[in-house]
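The block underneath contains the structure these notes are about, expressed in structure tokens.
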Amino acid sequence: MTAPLPPRRRGRPARGAGLTEDTVLSAALALLERDRAAFSMRALARTLQVDVMSLYHYFPTKEALLDAAVLAAFAPLDEAGPSLEGEPTCAGRLERLAALYLGVVQRYPGLTLEIAAGRVPTAPVVARFDALFVQAVRPLPLTAEETQSAGQMLVDYLHGFMLGGPAAGEAWRFAVRVFAQGLRHWPPDATQDH
């Protein structure tokens, strides 16, 4: 026979009760990784052993919670700007950006799959990545459309690499360098026969 769970706290969380926005976000990310199909405000409340209404004190809707969870997961991208500025080559900047992004998707593969399936909102993260990608390729003669397409291509590659599992190792670095080399020679010379 299993021991009964402690009674859940109801209503607005009391000060010092241990429930904070950060603990809710951490638990939400952990639950998304453990069982994303069963993710709900009620399941999260059970995990935290609180009344579901306590969660609404921090996040008015499940969508607001998911928005905040995605932002929290991809927070390492916020710190990328200065490190990209310090890197003198486009390949180096793209490698740093890819390493940060890949670190997040490998840490949160369940969340990444939810993002890829379109079940989790991503607009703020996409905007962050796009701005960093523009910063990484700034000196290259790419149009805005080409830059956007190239950024999407890199993200798609990194998602695919993550799905390949740990056996893929560090091979992504070589691919990012080849990708950067291709961008340096864009647009291709139309007079050459390829």
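Condition check: modelled with pLDDT of 90 or more, surrounded by 15 or more Cβ atoms within 10 Å (Cβ to Cβ) and in a helix (DSSP H, G or I). Does ARG42 satisfy that?
no
Give me the residue from segment 45-80 that is outside any helix (DSSP H, G or I) and not charged (D, E, K, R) and, out of that set, nearest to ARG128 (Cα to Cα).
PHE74
List the residue pairs whose Cβ atoms are under 7 Å apart, where the first residue sits in segment 113-124 and is open to solvent by 60 Å² or more (accessible area, probe 1.4 Å), the second is of a type outside the set (A, V, I, L, M), and the two are 6 or more positions apart or on different chains.
If the second residue must be of a type outside the set (A, V, I, L, M), the pairs left are ALA116/HIS159.
Looking at the structure I just gave you, is ALA131 modelled with pLDDT of 90 or more and more than 15 Å from GLY103 (Cβ to Cβ)?
yes
Does LEU154 count as at pLDDT 90 or above, assigned to a loop (DSSP other than H, G, I, E, B) and farther than 17 Å from ALA72 by Cα?
Answer is no for this residue.
The values are calculated or read from the model by the stated rules, or taken from the named source; none is laboratory data. Here the structure is a predicted model, which means the values were calculated and not measured. With ideal geometry, Cβ positions are generated from the backbone for all residues, glycine too; neighbour counts draw on all protein chains shown. When the accessible area is computed, the model is the full protein with side chains, heavy atoms only, and any ligands, DNA or RNA have been set aside. Shrake-Rupley method; radii C 1.70, N 1.55, O 1.52, S 1.80 Å.
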